[in-house]
Amino acid sequence: MDDHQTTHQAAEDARNETVLVWLNGRLLPREKALVSVYDSGFMLGDGVWEGLRLYDGVWAFADEHLDRLFQAAKAIDLDVGMTGDDLSAALRETQRANGMQTDAHARLMVTRGVKSRPFQHPSLSRQGPTVAIIMEHSRPQIARPIRLATVPHIRGLPMSQDPKLNSHSKLNCVLACIAAEKAGADEALMLDVHGFVNTTNACNFFVVRGGEVWTSTGDYCMNGITRQKVIDVCRADGIPVFEKNFSLVETYDADEAFLTGTFGAQTPVGEIDGRRIGTGRIGPVTEHIQGLYKALIKANAA
């Protein structure tokens with residue numbers, strides 16, 4: 001479609017052509033921030049990552065993001081080789097080097113590092129981890145509510161690849177996104193193993209029905225930090241919010257729907273599988289939650 005967009009669409013910013021990337025302790029121009037073709041992340045998707053957002057000089061909920069990174073690293077038996085304080089210092093160093101104060105996004109990535117031979121076994125990664133921080137000036141610029149399409153790809157069971165793991169291995173989600181794009185949508189709505197509505201390929205998913213806010217149980221999706229903050233602000237404000245199983249039948253008939261993620265915070269959904277959701281525009285409950293979240297961010301920055 002000629003008005004195709006993504007959930008991570010941002011205003012063009014020429015400053016991003018000259019950003020410095022933090023790579024294994026060095027700040028490098030983006031064209032020189034290179035990793036080996038033998039790197040475990042490139043070769044196998046063997047690594048974990050976090051996305052963080054800068055508001056008024058503060059990386060929002062940074063401690064929670066770094067805790068999740070170390071939890072994921074422990075789960076895949078990866079020694080990050082740095083402490084949380086080290087990574088926080090690297091974030092601040094990269095932020096200062098790029099002159100960033102607000103409306104910036106960071107992707108913090110850790111892989112198992114360079115392999116001695118091009119094969120799978122983790123023991124072949126002997127040089128220690130590769131740690132990188134990509135930072136960009138980014139102001140979300142979504143021209144209209146997001147269109148979703150349901151796809152056959154699901155998030156797997158925990159014993160295959162636990163969807164709670166923020167891993168570099170994103171092919172399942174990429175294929176879901178491709179399927180949605182082929183169907184004329186912006187992003188994929190993915191079901192869980194039981195056929196209940198779960199998540200999108202890149203964001204967590206919420207509906208509003210009769211004044212109640214619903215999201216999935218969280219058993220088969222990335223338990224996003226923004227997702228949890230939305231649940232928290234709803235509870236604090238007296239909005240009924242539920243983590244529960246619900247179906248596409250209930251989704252199509254929702255009053256509102258929105259996505260959550262570190263980049264876009266709360267992004268309205270206007271259409272799912274060709275069916276208009278509510279008015280097709282951002283709804284009043286979604287707008288109210290956006291206000292509650294902005295207040296939370298402001299309090300966090302203070």
* To do: Taking only Cα atoms and a 10 Å spring cutoff, compute GNM fluctuations for the chain and point out the largest among Ala188, Ala97, Ala265.
  => Ala97
* 222 nm [θ] for the chain, helices only, -39500 (n - 2.57) per DSSP H run of 4+, per residue, to 500? -> -8500 deg cm²/dmol
* DSSP bridge pairs, region 60-209: antiparallel proportion in percent, nearest 5 -> 80
* Simple Cβ-charge dipole of the chain, Lys/Arg +1 and Asp/Glu -1, about Cα centre, in debye nearest 20 -> 560
* Structure fact -> Here the residues of region 207-245 lying in the modelled label zone of Ala295, meaning backbone nitrogen under 17 Å from a point 7 Å along Cα-to-Cβ, are 229-241
* Structure fact -> Projected onto the charge dipole of the chain (unit charges on the beta-carbon of Lys, Arg, Asp and Glu, signs +1, +1, -1, -1), the Cα from Val58, Ala75, Ala176 with the largest positive-side position is that of Ala75
* To do: Would you mind calculating the gained length between Tyr252 and Leu175 on full extension (0.36 nm times residue separation, minus the Cα-Cα distance), in nm to one decimal?
  => 25.4 nm
* Structure fact -> Taking R0 as 35 Å and r as the Cβ-Cβ distance between Asn16 and Gln71, the FRET efficiency 1/(1 + (r/R0)^6), rounded to the nearest 0.05, comes to 0.70
* Structure fact -> Ranked output for segments 38-45, 153-160 by mean other Cβ atoms within 10 Å, highest leading, reads 38-45, 153-160
* To do: Pull up the DSSP beta bridges for the chain and report the antiparallel fraction as a percent, rounded to 5.
  => 85
* Structure fact -> Quick note on Tyr220, Tyr293, ordering by fewest other C-beta atoms within 10 Å, gives Tyr293, Tyr220
* To do: Report the full-extension gain for the segment Glu93 to Arg139: residue separation times 0.36 nm, less the Cα-Cα distance, to one decimal in nm.
  => 14.4 nm
* Express in nm, to one decimal, how much length is gained between Asp85 and His194 on full extension, taking 0.36 nm for each residue of separation and deducting their alpha carbon distance. => 35.2 nm
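None of the figures in this text is laboratory data; all of them are computed from the coordinates on show. Computed from a prediction, not measured in an experiment: that's the story for all the values here. Note that each Cβ is placed from the backbone with ideal geometry, even for glycine, and that neighbours are counted across all protein chains shown.
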